[in-house]
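Here's the structure, in structure tokens; my notes come after.
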Amino acid sequence: MPRPFTPKVVTANALMSGEVVYLSADDQWTPRLTEAEVLTDEAHAQLRLVEASARQSEIVGVYLADMAPTDTGPEPVHFREEFRRTGPSNYAHGKQVDL
Amino acid sequence: MYTYSDFDAAFVAERNRQFRQQVERRIDGSLTEDEFKPFRLMNGLYLQLHAYMLRVAIPYGTLRSEQMEMLAHLAETYDKGYGHFTTRQNIQYNWPELGDIPNMLDDLAKVEMHAIQTSGNTIRNVTADHFAGAAADEVADPRPVAEMIRQWSTDHPEFQALPRKFKIAVTGAQADRAVIRAHDIGLRLHEQNGELGAEVIVGGGLGRTPMIGKTIAEWVSLEDLPAYLESVVSVWNLLGRRDNKYKSRIKITVHEHGIDDIRARVADRYELVRPAYNGAHMDLFHQIAAQFGSPAFRNVPTDAYGAAYKADPVFRSWADTNLSAHKVDGYAIVQISLKAHGETPGDASAEQMRAMARIARDYGHDELRISHEQNVVLPHVHTSDLPAVHDILKAHGLATANIGLISDIIACPGMDYCALATARSIPIAQEIATRFDELKLEHEIGELKIKISGCINACGHHHVGHIGILGLDRAGVENYQVTLGGDHTETLALGDRTGPGFSAEEIVPAMERIVDTYLAHRDGPEETFLQAYRRLGMDPFKTALYGEQPSKRTKAA
Ligand code: SF4
């Protein structure tokens, strides 16, 4: 039996600012994980990744990150993505300032 | 101190001009990221977890005050008001924007600094003893040799696409403060029959497969040194494993072929390389060396120091902990701790950088050093000026008296910033320092170095910490492996693993149990943690960490 597919979001860093961004369902790059499109189908996720990768003038380092869908939006499965969506733990210098 | 020649200045300006165009072409879409990435790495620009990171070289850890002021300017103008000093005598800016990088590099060039070869498979920033030119135990100042190597290795056409990165460290003293046996090449300057030369050590390194460097030549004269270094790098350049990045460093090449085989190959290569060095390099070396003369030391009374030492216990504690012996009577080497309890190891704010620059200008013959232990050094301060220096440091949160103590922790950026990390290191360092400050135990514990890395790459030197901590990802949870008995000095040793790792919540109590065991078993305050560990072995520490027997403090709590 194939393993069940872990839902994903498309994430990257913004080309100019370097900020962590997520791809929304309406093809916008958003700094908020809550606004990201949750991809529950593997083939669709791959397609969204290919589309996103073509947007070279907007982002850098694009990839699919594992998420657990919840009522309030996707939640990171791994702590690395938790830090990426929040910012560093030693200073309030990351997204935690604005979000 | 070395100042750029016209050649240096023109070279850096040209590189900056090229990189500015490369950035513009990336932004306007003519370059893809795949095309741009090698260019940005050549210029020290990384993509990290939350943002870009610019790594700026501080060659052999030496700075003038105007350079430190420029680092402050960059922190304030293009970053979030601070910079992070690393274990390789670099400074990292964690939040620059892509469009600002060319301006940052131009600003750096104004004070003869750059970010070239701080990344990529090249010869990286050459590091040196942070007490260079000042230490009482110094045979020769390592900086002229380090500067010669910097010039030789910068943009060296043969060494721009090496199997992997290559790191060189130089010391000219008896004590090793540059961890030379943990570098691809380590050099120890010493004299033979009155002539200065270097012991050449190869194949050291930490990371996934830690190795202690081996001596390939007991003594190579200064005149022969560049050709010899070129031969070593060139032998590895051909032999080094490009098929497997975990086996590509020279330590693996030396390990697989054996030091005798490598020595013979280097000797063959040397015969070919040496004739190309026709003596012009020595003219250059003498020009470089002439720029590293001693400052005009003052010979004035030291009474002010004695009076403050007697009268002020805070000053006394700082002086006892943060000063080291200088080669000139009446002078001291000052270490400024960037490890205030609970703060991020190695971070300095723009305001702190300016304060340190001002002290260097007013009281320190305009010289500053960055240590691989992530502290700042004022190499030449007359002891009569120490009370004034201490006052200024205090006013800027820079007077923490903890050099060499348990809270003087090396910590790499870890998963708070680094894209390669498997766990965080900074919060662990902050918690340990805060806890032992609360216990008011650190002066009683004495010399004890904790070093923390956030992944197997070991930028935090955990293998050579008296206590080493390695952050790993165990099934999606941060887990911290502990080693004991590492040694970063001339008696370099790798620590031994205690056993299974600890969670983030368990790691501080684990440190307490280790320290309690040491305090309970030591022969007296004069027996350091490392000495006690060497005498006692792992057993009592293992029992304290994993055994049924809870330690005294846990019982009392
Ligand atoms: S040791 Fe690992 S986590 Fe720490 S800075 Fe180096 S690569 Fe990053």
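The values are calculated or read from the model by the stated rules, or taken from the named source; none is laboratory data. A quick note: this is a predicted structure, and the numbers were derived from the prediction, not measured. Note that each Cβ is placed from the backbone with ideal geometry, even for glycine, and that neighbours are counted across all protein chains shown. Surface areas here come from the heavy atoms of the whole protein model, side chains and all, with no ligands, DNA or RNA. Shrake-Rupley method; radii C 1.70, N 1.55, O 1.52, S 1.80 Å.
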Counting only the backbone N, which residues of region B:8-48 are under 20 Å from the spot 7 Å out from the Cα of B:LYS110 toward its beta-carbon?
B:8-21
Residue-normalised accessible area of the protein assembly as shown, expressed per residue, 1.4 Å probe, Å²
39
In a shell of Cβ-Cβ distance under 10 Å around B:PRO295, excluding B:PRO295 itself, what net charge do Lys and Arg (+1) and Asp and Glu (-1) give?
-1
Starting from the residue with the highest accessible area, list B:HIS521, B:HIS84 in decreasing order, probe 1.4 Å.
B:HIS521, B:HIS84
Percent antiparallel among DSSP beta bridges confined to region B:116-209, nearest 5, equals 55
What is the Rg over Rh value, at two decimals, for chain B, using alpha-carbon atoms and the Kirkwood definition of Rh?
0.96
Given +1 on the Cβ of Lys and Arg, -1 on the Cβ of Asp and Glu, and no further charges, what dipole in debye does region A:8-98 carry about its Cα centre, rounded to the nearest 20?
340
Computed over region B:142-290: relative contact order in percent, which uses C-alpha pairs under 8 Å that are six or more apart:
20
Tell me the angle of helix A:42-53 to the major Cα principal axis of chain A, expressed in degrees between 0 and 90 and rounded to the nearest ten.
40
What pairs in B:LYS214/B:LYS327; B:LYS339/B:LYS394; B:LYS80/B:LYS451; B:LYS37/B:LYS110; B:LYS167/B:LYS214; B:LYS167/B:LYS449 have C-alpha atoms more than 19 Å from each other?
B:LYS214/B:LYS327; B:LYS80/B:LYS451; B:LYS37/B:LYS110; B:LYS167/B:LYS449
What number comes out for the charge environment of B:ALA13, summing +1 per Lys or Arg and -1 per Asp or Glu over other residues with Cβ under 12 Å away?
-1
Only counting protein heavy atoms at a 1.4 Å probe, give the residues of region B:404-419, ordered by number, whose accessible area falls by 10 Å² or more when the other protein chains are present relative to the chain alone.
B:MET415, B:ASP416, B:TYR417, B:ALA419
The percentage of Cα-Cα pairs in region B:6-110 separated by more than 24 Å is 21
The Kirkwood hydrodynamic radius of region B:441-557, taken as the inverse of the mean 1/r over all distinct Cα pairs, in Å, comes to 14.5
Amide H to amide H under 5 Å from A:GLU19: which residues, 5+ apart in sequence or cross-chain, H placed 1.01 Å off N in plane?
A:ALA14
Tell me, for chain B, which Cys residues have no other cysteine's C-beta sitting closer than 4.7 Å.
B:CYS418, B:CYS455
In terms of solvent-accessible area of protein heavy atoms at a 1.4 angstrom probe, what is the ranking of B:HIS341, B:HIS443, highest value first?
B:HIS443, B:HIS341
PRE zone check, label point 7 Å out along Cα-to-Cβ of A:GLN28, amide N under 20 Å, scope region A:55-80, hits A:55-60, A:72-75
Say R0 is 45 Å: what FRET efficiency, to the nearest 0.05, do B:LYS165 and B:ASP303 get from their beta-carbon distance?
0.35
Per DSSP, loop GluC sites (Glu not before Pro) in region B:423-512 with at most 16 further Cβ within 10 Å:
B:GLU447, B:GLU490
Assign one of three labels to the protein assembly as shown, namely rounded, prolate or oblate, based on the Cα gyration tensor with a ≥ b ≥ c the square roots of its eigenvalues; rounded applies when a/c is under 1.5, prolate when it is not and a/b is larger than b/c, and oblate otherwise.
rounded
Whole-percent carbon and sulfur share, accessible surface of region B:295-452, 1.4 Å:
52
What's the buried accessible area, both sides, between B and A using a 1.4 Å probe, rounded to 100 Å²?
2400
Counting only protein heavy atoms with a 1.4 Å probe and every protein chain in place, the carbon and sulfur fraction of the accessible surface of region A:5-83 in whole percent equals 53
Point-charge dipole on Cβ atoms (K/R +1, D/E -1) for region B:410-546, about Cα centre, debye to 20
340
In region B:18-35, the residues losing 30 Å² or more of accessible area (1.4 Å probe, heavy atoms of protein chains only) relative to their chain alone are B:ARG26, B:ILE27, B:GLU33
Relative to the present Cα-Cα distance, how much length would full extension add between B:ASP523 and B:SER294 at 0.36 nm per residue of separation?
78.2 nm
For B:MET538, put the label point 7 Å out on the Cα→Cβ axis and report which residues of region B:423-457 keep their amide N under 18 Å from it.
none
To check you understand DSSP bridge types, tell me what percent of the beta bridges within chain B (both residues inside) are antiparallel, rounded to 5.
80
Among residues of region B:456-482, a drop of 10 Å² or more in 1.4 Å probe accessible area, assembly relative to the chain on its own, occurs for B:ASP473, B:GLY476, B:GLU478
How much of the accessible area of region B:154-244, in percent, comes from carbon and sulfur atoms when a 1.4 Å probe is used?
45
Expressed as a whole number of Å, what is the distance separating the alpha-carbon centroids of region B:236-273 and region A:1-70?
43
Modelled label-to-label distance, B:GLU431 and B:ASP28, 7 Å Cα→beta-carbon offset: nm?
5.1
Can you compute the charge dipole magnitude of region B:175-261 about its Cα centre, using +1 on each Lys and Arg Cβ and -1 on each Asp and Glu Cβ, nothing else charged? Give it in debye, rounded to the nearest 20.
760
